[in-house]
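Below is one structure, written out as structure tokens; the observations come after it.
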Amino acid sequence: MRKLAAAALAVLLVLCGAVPASAATGRRVIVYYQTIYNGSAYVSPLGLTQHNAGVTDVLVGAVHLDPGGVVHVNDDPPSAAKFNQMWQDLGTLRSQGVHTLAFLGGAAQGSFQRLASDFNTYYPPLRALLRDHSLSGIDLDIEETVDNASVVRLIDALRTDFGPSFLITFAPVAPELSGGRGLSGLNYDQLYRDRGPQISWFNTQFYCGWGSLSDTSGYDAIVGHGVVPAAKVVAGTVTNPANCGGYVDMSRLQSTARSLVAKYPDFGGVDGWEYFNSLPGGTGAPWQWAQQVAPVVKG
């Protein structure tokens, strides 16, 4: 009876757009999924589960809030026919226990400033996107100047509308979590003190000139700063030197991950920017990055 009840609950969670709680616990292996088409070829995320890569979360985007309350995924409306297969595949991943999150913002600025200046225009279409596609959460990649108050308002609205199991993550550059400055102007120390329990974790950027995972020093600085615990600090890296500066090859990344697991039993995990060309498999087998990272991270 216990096994039958658990199975029934899992089915119910999938139908409701949620995933089993086990996918949210322990150390995470996360990929960012922005290049949905490599030229004209669709990039499916299903290889991650077809090849048992050990991924826990897939972050799709970038979502942009454009003038007039218009939502785009990269350059197109979420309802564009080109995305039909993507939304279907993301639903399949959720049914297999993988969280699927939208990531908002990134290098294209404006979304968070629009939410700050006209929340009632720009929040409802964002909420509709998350609901329409039964997404597990949202990653707030703030790379433009905003104030803490506007971000707190967004966190509170998301938590009210989507409930306690909805994932709310952030993507700061590493110095922003160790007392330094970064791309947003946010005071992350204060944000964590104000809303820490509502923040699921941080997909921390140790790349593009903001740190490196060639060793543990940058991660150590965050934990040593004493505000955000290791359990909520996911160490982010680039998966291919073409994606940004700071690439760390697989053997070095595995070595750093082993050290972090040994130092911090509650280590939050690793994320990779981005999926489609991840080494060592490259565009032909991008799931291999997660496949080789996961055994080290998860132990």
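S217 satisfies every condition listed in (1) small (G, A, S); (2) in contact with a Pro (Cβ under 7 Å, 6 or more places away or on another chain); (3) over 24 Å from V151 (Cα atoms) except (2). Only one of T283, T239 is within 20 Å of the chain's Cα centre (by Cα) and under 24 Å from A102 (Cα atoms). Can you tell me which? Of T283, T239, the one residue that is within 20 Å of the chain's Cα centre (by Cα) and under 24 Å from A102 (Cα atoms) is T239. Within the span defined as the stretch 75-97, every residue fails to be open to solvent by less than 10 Å² (accessible area, probe 1.4 Å) and either part of a strand (DSSP E or B) or under 21 Å from F202 (Cβ atoms) (or both).
The single condition among (1) among the polar types (S, T, N, Q); (2) over 18 Å from A294 (Cα atoms); (3) not in a loop (DSSP other than H, G, I, E, B) that S212 does not meet is (3).
Residues are listed down the side, and each one gets a yes or a no for (1) surrounded by fewer than 19 Cβ atoms within 10 Å (Cβ to Cβ); (2) modelled with pLDDT of 95 or more; (3) not hydroxyl-bearing (S, T, Y):
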{"site": "G245", "(1), (2), (3)": "yes, yes, yes"}
{"site": "D249", "(1), (2), (3)": "yes, yes, yes"}
{"site": "Q254", "(1), (2), (3)": "yes, yes, yes"}
{"site": "Y264", "(1), (2), (3)": "yes, yes, no"}
{"site": "T283", "(1), (2), (3)": "yes, yes, no"}
{"site": "W289", "(1), (2), (3)": "no, yes, yes"}
{"site": "Q292", "(1), (2), (3)": "no, yes, yes"}
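For residues that are without any contact (Cβ under 8 Å) to a residue 60 or more places away in the chain and in contact with a Phe, Trp or Tyr (Cβ under 6 Å, 6 or more places away or on another chain), tally how many sit in the stretch 258-282. So the count comes out to 1.
Of the residues making up the stretch 123-148, those that are aliphatic (A, V, I, L, M) and under 24 Å from A174 (Cβ atoms) are I138, L140, I142, V146. Selection of the stretch 115-133 for residues being surrounded by 20 or more Cβ atoms within 10 Å (Cβ to Cβ) and over 18 Å from the mean Cα position of the chain (by Cα) yields L115, Y122. Just one of the listed residues (L126, L115, L135, L104) is in a strand (DSSP E or B), of a type in the set (A, V, I, L, M) and touching a residue at least 40 places away in the same chain (Cβ under 8 Å), and it is L104.
For the stretch 43-70, the candidate set comprises residues that are open to solvent by 30 Å² or more (accessible area, probe 1.4 Å) and not in a loop (DSSP other than H, G, I, E, B); within that set, the residue that is nearest to L126 (Cα to Cα) is V70.
The values are calculated or read from the model by the stated rules, or taken from the named source; none is laboratory data. Just so we're clear, the structure is a prediction, and the values are computed from it rather than from any experiment. Counting neighbours? That spans all protein chains shown, and the Cβs are built from the backbone with ideal geometry, glycine included. Note: accessible area is taken over every heavy atom of the protein model, side chains too, but ligands, DNA and RNA are not part of it. Shrake-Rupley method; radii C 1.70, N 1.55, O 1.52, S 1.80 Å.
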